[in-house]
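Student: Starting off with a structure, shown below.
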There are 2 protein chains.
Amino acid sequence: MAQAQSSGTNLLQVAGFNENVILDAIRRSPEGMSRVELTRLSGLSPQTVSNICRRLIEQELITEGGVSVGRKGKPRRVIRLRNDSRFAVGISIDPAVTTIVLTDLSAQVAGQTVLPMADLDEPTAAVDAIAGAVSTVIEGAGVDRGRLLGVGVASPGPIVVATGEVIDPPHLQKWHDVHLRDELAERLGVPVLLDKDVTAAAVGELWAGETGSRNFLFFLYGTGIGVGHVVQGIVVRGYSGNAGDIGMVPYITPTGESGRLHEVTVPVNVLRRARSRGIVGPDLVTDTPSAINDSFLRLCRRADEGDAGAAALLTDAARAIGGACVVMADMVDADTVVLGGPIWEHVADRMLPVVAEAVATQSVVGVPRTVLGTQLGENVAAIGAACVVLESAWSPHPSKLPLARTSA
Amino acid sequence: MAQAQSSGTNLLQVAGFNENVILDAIRRSPEGMSRVELTRLSGLSPQTVSNICRRLIEQELITEGGVSVGRKGKPRRVIRLRNDSRFAVGISIDPAVTTIVLTDLSAQVAGQTVLPMADLDEPTAAVDAIAGAVSTVIEGAGVDRGRLLGVGVASPGPIVVATGEVIDPPHLQKWHDVHLRDELAERLGVPVLLDKDVTAAAVGELWAGETGSRNFLFFLYGTGIGVGHVVQGIVVRGYSGNAGDIGMVPYITPTGESGRLHEVTVPVNVLRRARSRGIVGPDLVTDTPSAINDSFLRLCRRADEGDAGAAALLTDAARAIGGACVVMADMVDADTVVLGGPIWEHVADRMLPVVAEAVATQSVVGVPRTVLGTQLGENVAAIGAACVVLESAWSPHPSKLPLARTSA
């Protein structure tokens, strides 16, 4: 079903390796850099840095100006990235909440929309609806299409990286072997990159988040659950691009009950438990992702209003998530666990302390680990999908590298 | 307790980046390469390749000779690695079976010894005994110490990478904050690299194994258990160098029993279960790692001789290992699960089919995954520790790379 992939994608490319080294240095310095600083930092010659800067100014990727006084009292002309010179679109396909964002080069959201759920049900109609919504967002933001680097899609798995297909997402009954990447590329006329939702969320957190970690787990809580992970600064996509499937991870409660993670965390299963305990009536509607989403949010509100039964179910979910995060963080030795996603935003206040306590008290390695919610909000997977485009276009991947001819 | 580390170590360095690109190309071609082929493969100029080859011949790292006839009928002089030009020592510290190997550049074992267990009990005596055994192995193989690149140590965790300490290994009661790396380096007078045992095993499998995978898990079964993993060709060490701790991963049996992985797999715990079920007598000795090892191997022999109770305990262990491998392989999307280690060699025939069946039938992602025993034998962690030295000395890490000055 799936084929091996190399790490990262190189479909898009803003510039060559040295240009990207310079761009990356400028990007990471919001207060700007001078040519002298860029020369020192890059190890390139002043002439090479000048040539690169001239080309980048011509391409409107950077600006130079705003003389400020350097540390030694000398005036310096400050080079900054023109964040609004290029844009990326990110699409997060969650069966209940599909979101489209347009971001600039700093991953700031310049426009967004949410797709009506019914539009997603049937895949051909879904592709049409998504393509239409992308165009609407781009036009609404007044962005020239020539400045669009590409479109990233964060999809539930399993996916096939080589063909850009989405196979059989559990919560989209009518989706089978959908050639999402190529069909969107054809309709939109720009490069499209497909990644799993959890992978995109991890890319987003690495690229635009405030975590600052290079070894973290990203627990994505939406209509389904999954975990993205970054080790040693590298986003783990795995052999087939399907890393992050954790629904079958077993959990054991402090009182000795056990089960699989999805049974007590995925919204539709939490609602089934609520029904079997009589917390919600037998007439509860769970026949569409949208209905499940609405019913789950009502359950959350009841818990917030003091319903002990509803609260207990959410605590069970949080404990199971915490237990899974402990063993996963110990396994990959992550220093940070980040949580986010459309469902997470509604349960964060209740669940974060439970997960944090589990990680703090149950980890066996003895290394301190940070647990926190993403600062990117409920659109983290969509922003992450845009960051997949930025990452591909932008990063000075060693794979883009010519051999260093001068050192021999 | 631990500090962040960068990926890989650069303590040792055979040569610069371009030299290592050439060396690596030669290493990967056992049938040898010509200068013309190296020029084509590397993208370097013929003059640069000639200069590099001259230097590598002077350093006795390669030989050139043995004229053969190329594809177009032209004679070509074949360049080959001199595998016996440099050596590495690998030490695997398992409380029951500590092994020292000497390997050449191809990770072939040129000498080895096993340390008596009693020598390991007290850390200062252990360092003395290990250093003495290393010297014995080197001298026994008739290798010039000037040709030794360094010593790698595969240790049970937790370790502190920054200081080279082993903290509190569960099965070595008297070891606390042992500065193993520096004390060995002082006694031996060569660079010493410290890694966790599971990390070393993964490096060994990647470097010298026959798996051929770049996305695999390595389940190490010795006095303790753990898992090394490689994603996208990169060995995962994690934030603090302690990746691979999986003892607390929960398992659920097909009949609904649940527990933590270490409870049914670690030899001392299997023996406790055997005692509680009356399969072994209450006088069973489990007071030292050596006694545990011997008792466990007796239990394995009884299972092989038809003892149903002993066999059931080993099947329980195999099922739990299989279940854990399923969820871990799904999480990181590994295409291969490799098993090995000093205990594994005694249970491989019994356990491999159970683990393979679990991975084949329980994985949810739908990607085929291979399950196999390592071809490196019970010394895999020691060979892996030597490979940590080779990897550090040898690989053309991008971190060794100057910027490409000619491309601007």
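Student: Looking at B:Ile246, B:Ile252, B:Ile234, which is the one that is of a type in the set (Val, Ile, Thr), in contact (Cβ under 8 Å) with a residue 60 or more places away in the chain and within 14 Å of B:Glu391 (Cα to Cα)? Explain how you work it out, then say what you get.
Tutor: Working: B:Ile246 fails: within 14 Å of B:Glu391 (Cα to Cα); B:Ile252 fails: within 14 Å of B:Glu391 (Cα to Cα).
B:Ile234 is the lone residue from the list that is of a type in the set (Val, Ile, Thr), in contact (Cβ under 8 Å) with a residue 60 or more places away in the chain and within 14 Å of B:Glu391 (Cα to Cα).
Student: Please determine, by comparing only the residues of the stretch A:178-214 that are out of contact with any strand residue (DSSP E or B) (no Cβ under 6 Å at 6 or more places or on another chain) and over 29 Å from A:Pro123 (Cα atoms), which one is nearest to the other protein chains (Cβ to nearest Cβ).
Tutor: A:Arg214
Student: Cβ contacts < 9 Å: first residue within 12 Å of chain A (Cβ to nearest Cβ) and in a helix (DSSP H, G or I), restricted to the stretch B:323-344; second residue surrounded by fewer than 24 Cβ atoms within 10 Å (Cβ to Cβ) and among the acidic types (Asp, Glu), any location; separation 6+ or different chain. Result?
Tutor: Matching pairs, first to second residue: B:Ala329/B:Asp335.
Student: Can I ask one more? Please state which of the following conditions A:Ala201 fails to meet, knowing it meets all the rest: (1) assigned to a strand (DSSP E or B); (2) under 23 Å from A:Glu345 (Cα atoms); (3) in contact (Cβ under 8 Å) with a residue 60 or more places away in the chain.
Tutor: Going through the list (1) assigned to a strand (DSSP E or B); (2) under 23 Å from A:Glu345 (Cα atoms); (3) in contact (Cβ under 8 Å) with a residue 60 or more places away in the chain, A:Ala201 breaks only (1).
Student: Also, quick follow-up: So which residues in the stretch B:155-169 are within 16 Å of B:Gly238 (Cα to Cα) and crowded, with 22+ Cβ neighbours inside 10 Å?
Tutor: Result: B:Ser155, B:Pro156, B:Gly157, B:Pro158, B:Ile159, B:Val160, B:Val161.
Student: Then there's this: Could you run through the stretch A:343-358 and say how many residues are surrounded by fewer than 24 Cβ atoms within 10 Å (Cβ to Cβ) and under 23 Å from A:Val203 (Cβ atoms)?
Tutor: 4
Student: Could you tell me which of the residues B:Ala386, B:Ala381, B:Ala310 is away from every other protein chain (no Cβ under 14 Å), closer than 27 Å to B:Val268 by Cβ, touching a strand residue (DSSP E or B) at 6+ places or on another chain (Cβ under 7 Å) and not aromatic (Phe, Trp, Tyr)? Explain how you work it out, then say what you get.
Tutor: On the way: B:Ala386 fails: closer than 27 Å to B:Val268 by Cβ; B:Ala310 fails: touching a strand residue (DSSP E or B) at 6+ places or on another chain (Cβ under 7 Å).
On inspection, the qualifying residue turns out to be B:Ala381.
Student: OK, next. A:Val266 versus (1) under 16 Å from A:Cys325 (Cα atoms); (2) modelled with pLDDT of 95 or more; (3) touching a helix residue (DSSP H, G or I) at 6+ places or on another chain (Cβ under 8 Å): which is the lone unmet condition?
Tutor: (3)
Student: Of all the residues that make up the stretch B:20-55, how many are of a type in the set (Asp, Glu) and farther than 25 Å from B:Ser392 by Cβ? Break it down into steps so the answer makes sense when it comes.
Tutor: Quick first cut of the stretch B:20-55, residues of a type in the set (Asp, Glu) only: B:24, B:31, B:37.
In the following step, the residues that additionally are farther than 25 Å from B:Ser392 by Cβ were identified as B:31, B:37.
The number of residues fulfilling the criteria is 2.
Student: Now, a different point. Pull out all pairs, ordered by first then second residue, where Cβ-Cβ is under 8 Å, the residues are six or more apart or on different chains, the first lies in the stretch A:357-370 and is at the interface with chain B (Cβ under 7 Å from one of its Cβ atoms), and the second is outside any loop (DSSP other than H, G, I, E, B).
Tutor: That search, which allows pairs on different chains as well, returns A:Val364/A:Asp330; A:Val365/A:Asp330.
Student: Looking at the stretch A:252-269, can you tell me whether even one residue there is more than 30 Å from B:Arg214 (Cβ to Cβ), aliphatic (A, V, I, L, M) and more than 14 Å from every other protein chain (Cβ to nearest Cβ)? Before you say what the answer is, go through the steps one by one.
Tutor: Step one: filter the stretch A:252-269 for residues more than 30 Å from B:Arg214 (Cβ to Cβ), giving A:252-259, A:263-269.
Among the residues that remain, those that are also aliphatic (A, V, I, L, M) are: A:252, A:264, A:266, A:268.
From what is left, the residues that are more than 14 Å from every other protein chain (Cβ to nearest Cβ) are A:268.
Taking every residue of the stretch A:252-269 in turn, at least one turns out to be more than 30 Å from B:Arg214 (Cβ to Cβ), aliphatic (A, V, I, L, M) and more than 14 Å from every other protein chain (Cβ to nearest Cβ).
Student: Kindly provide the set of residues from the stretch A:221-233 that are within 17 Å of A:Ala356 (Cα to Cα) and within 13 Å of chain B (Cβ to nearest Cβ), ordered by number. Quick ask: steps written out before the conclusion?
Tutor: Going through the stretch A:221-233, the residues within 17 Å of A:Ala356 (Cα to Cα) turn out to be A:221, A:227.
A:Val227, the sole residue that qualifies.
Student: Let me ask something else. Whether any residue in the stretch A:174-194 is within 17 Å of the chain's Cα centre (by Cα) and free of Cβ contacts under 8 Å to residues at least 12 places away in the same chain is what I want to check.
Tutor: The answer is no; no qualifying residue exists.
Student: Got a sec? Which strands (runs of 3 or more DSSP E) wholly within the stretch B:222-273 have at least 3 residues that are under 19 Å from the mean Cα position of the chain (by Cα)? Break it down stepwise before answering.
Tutor: Numbers: elements: B:225-231, B:250-252, B:258-260.
Once the strands (runs of 3 or more DSSP E) in the stretch B:222-273 are filtered for at least 3 residues that are under 19 Å from the mean Cα position of the chain (by Cα), what remains is B:225-231.
Student: Testing B:Met248 on (1) of a type outside the set (Val, Ile, Thr); (2) closer than 24 Å to B:His346 by Cα; (3) buried (at least 24 other Cβ atoms within 10 Å of the Cβ); (4) facing chain A (nearest Cβ under 7 Å), one condition comes back false. Which one is that?
Tutor: (3)
Student: Only one residue in B:Leu352, B:Leu299, B:Leu372, B:Leu314 is assigned to a strand (DSSP E or B) and over 30 Å from A:Ile225 (Cβ atoms). Which one? If you could, list the steps in order and put the result at the bottom.
Tutor: Details: B:Leu352 fails: assigned to a strand (DSSP E or B); B:Leu299 fails: assigned to a strand (DSSP E or B); B:Leu314 fails: assigned to a strand (DSSP E or B).
One residue alone meets the criteria, B:Leu372.
Student: Continuing with the same structure: Could you list all residues from the stretch A:274-294 that are touching a residue at least 40 places away in the same chain (Cβ under 8 Å) and either part of a helix (DSSP H, G or I) or under 24 Å from the mean Cα position of the chain (by Cα) (or both)? Don't jump to the end; show me each part of the working.
Tutor: Initially, the stretch A:274-294 is screened for residues touching a residue at least 40 places away in the same chain (Cβ under 8 Å), giving A:288-290, A:292-293.
Passing the criteria: A:Pro289, A:Ser290, A:Ile292, A:Asn293.
Student: Pick from the stretch A:302-327 the residues that are of a type in the set (D, E, K, R) and touching an Asp or Glu at 6+ places or on another chain (Cβ under 9 Å): which of them is farthest from A:Gly247 (Cα to Cα)? Give the steps one after another, and end with the answer.
Tutor: We begin by selecting, within the stretch A:302-327, every residue of a type in the set (D, E, K, R); these are A:302, A:304-305, A:307, A:316, A:319.
Narrowing further to those that are touching an Asp or Glu at 6+ places or on another chain (Cβ under 9 Å): A:304, A:316.
Details: A:Asp304: 26, A:Asp316: 15 Å.
So the residue we want is A:Asp304.
Student: Can you give me the number of residues within the stretch A:249-261 that are among the hydrophobic types (A, V, I, L, M, F, W, C) and either over 15 Å from B:Asp330 (Cβ atoms) or in contact with an Asp or Glu (Cβ under 7 Å, 6 or more places away or on another chain) (or both)? Talk me through it step by step, then tell me what you get.
Tutor: Initially, the stretch A:249-261 is screened for residues among the hydrophobic types (A, V, I, L, M, F, W, C), giving A:249, A:252, A:261.
Applying the additional criterion that residues be either over 15 Å from B:Asp330 (Cβ atoms) or in contact with an Asp or Glu (Cβ under 7 Å, 6 or more places away or on another chain) (or both) yields A:252.
Here the count works out to 1.
Student: Condition first: over 23 Å from the mean Cα position of the chain (by Cα) and surrounded by fewer than 17 Cβ atoms within 10 Å (Cβ to Cβ). Can you find one or more residues in the stretch B:95-118 that meet it?
Tutor: Step one: of the stretch B:95-118, the residues over 23 Å from the mean Cα position of the chain (by Cα) are B:118.
Narrowing the set further to residues that are surrounded by fewer than 17 Cβ atoms within 10 Å (Cβ to Cβ) leaves B:118.
Yes: the stretch B:95-118 contains one or more residues that are over 23 Å from the mean Cα position of the chain (by Cα) and surrounded by fewer than 17 Cβ atoms within 10 Å (Cβ to Cβ).
Student: Taking the conditions exactly as written (surrounded by fewer than 23 Cβ atoms within 10 Å (Cβ to Cβ), out of contact with any Leu (no Cβ under 8 Å at 6 or more places or on another chain) and among the aliphatic types (A, V, I, L, M)), does B:Leu172 satisfy them or not? First the steps, then the outcome.
Tutor: Working: surrounded by fewer than 23 Cβ atoms within 10 Å (Cβ to Cβ): yes; out of contact with any Leu (no Cβ under 8 Å at 6 or more places or on another chain): no; among the aliphatic types (A, V, I, L, M): yes.
No: the conditions fail for B:Leu172.
Student: Looking only at the stretch B:274-297, how many residues end up being among the acidic types (Asp, Glu) and within 18 Å of B:Thr223 (Cβ to Cβ)?
Tutor: 2
The values are calculated or read from the model by the stated rules, or taken from the named source; none is laboratory data. Here the structure is a predicted model, which is why all the values come from computation and not from measurement. Methodologically, a virtual Cβ is constructed for each residue, glycine included, from the backbone with ideal geometry; neighbour enumeration extends over all protein chains shown.
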